[in-house]
Every structure is written in C-alpha cells, then in structure tokens.
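Engineer: One structure, pasted below without further comment.
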Amino acid sequence: MGACWFGHHVAAQTFPIKDKPITIVVPFSAGGPTDRLARDIAEGLRKPLGGASIVVENLVGAGGAIATQKVAKAAPDGHTILINHIGMATMPTLVRKLGFQVDNDFTYLGMIHEVPMTIVGRPNLEAKDYKQLAAWIAKNKDKVNLGNAGVGSASHLCGLLWQAALRTEMVGIPYKGVSMAITDLMAGQIDLLCDQTTNTMTYIEANKIKAYAVTSAKRLSLPTLSNLPTMQEMGLKGFQVSIWHGTYAPKGLSPQVQAQWHAALRSVLTDPAFVKKQEALGAVMITDKRIEPDEHRKFVLSEIAKWSPVIKAAGVYADQ
Ligand code: ASP
C-alpha cells in the first residue's frame, strides 16, 4: 500500500475486518496432530488478533492439495490462512497436476515446530522391541498391515521410507485421518503405524499401543520415549524423518497484514504455556531464522528438492 496519487491517501488495510471470521485451513482431519496444533494456535491467536473469531476448517484429500489450493485461491485479506506440515514440500512431487505453485502462490508467515515420528504397533503384537519387530516383519512380509492417513500424509511418507529401508513391502491401509488409524491400531485391526509423537505420546503413555522406535537422529529425552532407539541405531542408515509445520497466507497479502500475522503468531509460539504443551508432546519449537517468512520459504524450497527424488524413486503419486 502507501501509493498516494492525486493527493488521495490510500487507507491502510484494516485487519482483522470487523465481524469477519478468520479461517485456519488444515489439510488433515480433526483430531490429528496438525489439527490439534492448529486449534492450540487458534486459541492463542484470539487475543493478539483483537478477539477475532477464528475457525479451523479441515479439508482432507489429495495429499493436502485440496486445502492448500483453497488458501492459494482465497482473498489475500489475512482472513484465510493455512497450517500445513511437510506435505507442503512433498505435494509438488506427489501431485502431478497441482493447481498452484508452492513457491509462488503464498505469502509465507513462518515456521512453527518440528515433530519426530514414532513407529507404533497394536497392543497385542508379540514383538517386544524393534529387533523383534523387524524379525516379525521379515517373517510375515506382505501380511503386515501398515496404516496411514492417505497418500502424501506424513504417516504415508514415513511408511514409504521405512519399507524402502527394510526392502519389504507391507500392505498400506489408508485412512481419512490418523486418529482413525490410531483407533484401529488400538483395536488390533491394523498392525503398525508411523506417526508424530504429538499424536502417539498419550496412547504410548497409557499403554494402549506399543512403541518401537523414533525417527529422529537422536533419542528423545522425554521419559515416555527415552528408551526408544532411533531407526539409525537399529541399522537403518540415514533414516530420519521430522515433520515440520508452517503457516501460509495467499499471495498478495499486504506487508502490513503479513507483519500483523507474523507478530500474532510469534506471540503464540513464544507463549510459555503453549511451548510447554508442545514440548511435552515431543515437538521442537523453531527458534532459528526459519521463523522469518523469507527463511521459511527458502527452507520449503530446500525440502522440495530433498523429497522429490525420494518420492520419484518410490513411484507413488497422489493423483494416479
Ligand atoms: N499425522 C497425519 C499424517 O499422517 C496428518 C495430521 O493429521 O497431522 O500426515
């Protein structure tokens, strides 16, 4: 803004617009880790955004592309934003007919946190540790069921990497959301799942599912998870998956509204109660320069380059 022709002042854009709700679009189902993160953030945003009403909309499908496209095409008035995970960087490869450009159609608002994943199993699985699990998988091979939250979900990506590392194919069982996969895992309907600690921790703690390994480079320090080996310790060289989350608005958001959003998000992401809650679930808050929009964008581009060959090698696409 700021152009001032013929003596007329262009009014600064008002944000939030009075009585207009703010929608946070989430590409995954209600009750999953991205949804819960979005709801925690929405709660914290009310105050810095002047009491605006904030709704979370879950728009599932096409590896996150449906929700992401909705935000790409929305009015850049600050009232529609996206919270997405690593899918933002895997989508351009997973979805070959993408109706928008990840690098070009968004105003980046900054990253939130990174979350390691856990390999978890049904409660009555006989394997007591990862070694026994690997032996059981080798023995049962294509009878093993591995749940996921749909093509392009984090659980799906982790499963792809895991099967490639083990050189084994398991039976992929797609769900509409990871909360449904966890419910079936607890009931013994599927054998295994790989999902974020922010989702699996409480079930592991309550002994409702079995935990075998973490996907981080180092062991985690949280008491519930500290006894779990990393996948690398278990012989899967270079195996490391961390699910990062970021916030995005449509391209064309005014710098003033972008700054307002960035400041509001910062105040939530540095709130001690919010940080404590996320860290207790295994998340690592972003404290480096990737909290800044430009660095966030650069990081997403580097992740697109990193995941593209992995996905192409697996030959799995969300729109086939
Ligand atoms: N954890 C889910 C996945 O597998 C997504 C989510 O609900 O955050 O991608």
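The values are calculated or read from the model by the stated rules, or taken from the named source; none is laboratory data. Model, not experiment: these values are computed from the prediction. Note that each Cβ is placed from the backbone with ideal geometry, even for glycine, and that neighbours are counted across all protein chains shown. We work out accessible area using only protein heavy atoms, side chains counted, and drop any ligands, DNA or RNA first. Shrake-Rupley method; radii C 1.70, N 1.55, O 1.52, S 1.80 Å.
Engineer: Report, ordered by chain and residue number, the lysines lying within cross-link reach of Lys298, taken as a straight Cα distance under 24 Å and ignoring same-chain residues fewer than 8 apart.
Structural biologist: Partners found: Lys70, Lys73, Lys97, Lys251, Lys289, Lys306, Lys312.
Engineer: Can you give the relative contact order of the chain as a percent, counting alpha carbon pairs under 8 Å and 6+ residues apart?
Structural biologist: 27 percent
Engineer: Something else now. How much of the accessible area of the chain, in percent, comes from carbon and sulfur atoms when a 1.4 Å probe is used?
Structural biologist: Values: 7910 of 14290 Å².
Carbon and sulfur together cover 55 percent of it.
Engineer: Further question: So, R0 is 41 Å and r is the distance between the beta-carbons of Ser226 and Ala187; what FRET efficiency does that work out to, to 0.05?
Structural biologist: Values: r = 28 Å, r/R0 = 0.68.
Plugging the Cβ-Cβ distance into 1/(1 + (r/R0)^6) gives 0.90.
Engineer: Here is a further query. List the lysines whose Cα sits under 27 Å from the Cα of Lys210, skipping any in the same chain fewer than 8 residues away.
Structural biologist: Partners within reach: Lys128, Lys131, Lys139, Lys141, Lys143, Lys176, Lys218, Lys237, Lys276, Lys277.
Engineer: Ok, one more. Extending each Cα 7 Å along its Cβ direction at Asn207 and Ser53, get the distance between those two points in nm, one decimal.
Structural biologist: 4.6 nm
Engineer: With all protein chains present, calculate the accessible area of Ser242 using a 1.4 Å probe and round the result to the nearest 10 Å².
Structural biologist: 40 Å²
Engineer: Picking from Gln132, Gln69, Gln278, which is most flexible by a Gaussian network model of the chain using Cα springs under 10 Å?
Structural biologist: Gln132
Engineer: Same structure again: Just tell me which lysines come within less than 19 Å, Cα to Cα, of Lys18; anything on the same chain fewer than 8 places away is out.
Structural biologist: Here the lysines satisfying the reach criterion relative to Lys18 are Lys47.
Engineer: Can I ask one more? Please report the accessible area of Val310 (heavy atoms, 1.4 Å probe, ligands and nucleic acids excluded) in Å², nearest 10.
Structural biologist: My reading of the accessible area for Val310 is about 60 Å².
Engineer: Heavy atoms only, probe 1.4 angstrom, no DNA, RNA or ligands counted: give me Leu82, Leu98 ranked by accessible area, highest first. List each step's numbers first, then the result.
Structural biologist: Numbers: Leu82 0, Leu98 45 Å².
Highest to lowest solvent-accessible surface, that is Leu98, Leu82.
Engineer: When only C-alpha pairs under 8 Å and at least 6 residues apart count, what is the relative contact order of the range 142-204, in percent? Display every interim value, and only then the final one.
Structural biologist: Values: 87 pairs, mean separation 27.3, N = 63.
In percent, rounded to a whole number, it is 43.
Engineer: State log₁₀ I(q)/I(0) for the range 239-320 at q = 0.11, 0.19, 0.20 Å⁻¹ as given by the Debye formula over alpha-carbon point scatterers of equal weight, solvent excluded.
Structural biologist: Here log10 of I(q) over I(0) equals -0.43, -1.02, -1.06.
Engineer: Given 20 °C and 1.002 mPa s, how large is the Stokes-Einstein diffusion coefficient of the chain in µm²/s, with Rh as the Kirkwood radius over Cα pairs? Numbers along the way, then the final one.
Structural biologist: On the way: Rh = 20.3 Å.
D = 106 µm²/s.
Engineer: Now a separate question. Provide Lys237, Lys176 ordered by accessible surface of protein heavy atoms (probe 1.4 Å), highest first.
Structural biologist: On the way: Lys237 200, Lys176 155 Å².
I get Lys237, Lys176, largest accessible area first.
Engineer: Going from most exposed to least, what order do Leu192, Leu220 have by accessible area with a 1.4 Å probe? Present the calculation step by step, with values, prior to reporting the outcome.
Structural biologist: Numbers: Leu192 0, Leu220 30 Å².
Reading off the accessible areas and sorting them downward yields Leu220, Leu192.
Engineer: Please calculate the 1.4 Å probe accessible area of Glu233, with all protein chains present, and give it to the nearest 10 Å².
Structural biologist: 90 Å²
Engineer: Follow-up. Quick check: pseudo-label points 7 Å beyond the Cα along Cα→Cβ at Lys139 and Ala305, how many nm apart are they?
Structural biologist: For the pair Lys139/Ala305, the computed spacing is 4.6 nm.
Engineer: Using the alpha-carbon centroid of each, what span in Å lies between the range 151-203 and the range 115-142?
Structural biologist: Measuring centre to centre over Cα atoms gives 12 Å.
Engineer: Now for a separate question. With each label point set 7 Å from Cα along the Cα-Cβ vector, what nm distance links Lys73 and Lys289?
Structural biologist: In this crude spin-label approximation the distance works out to 3.6 nm.
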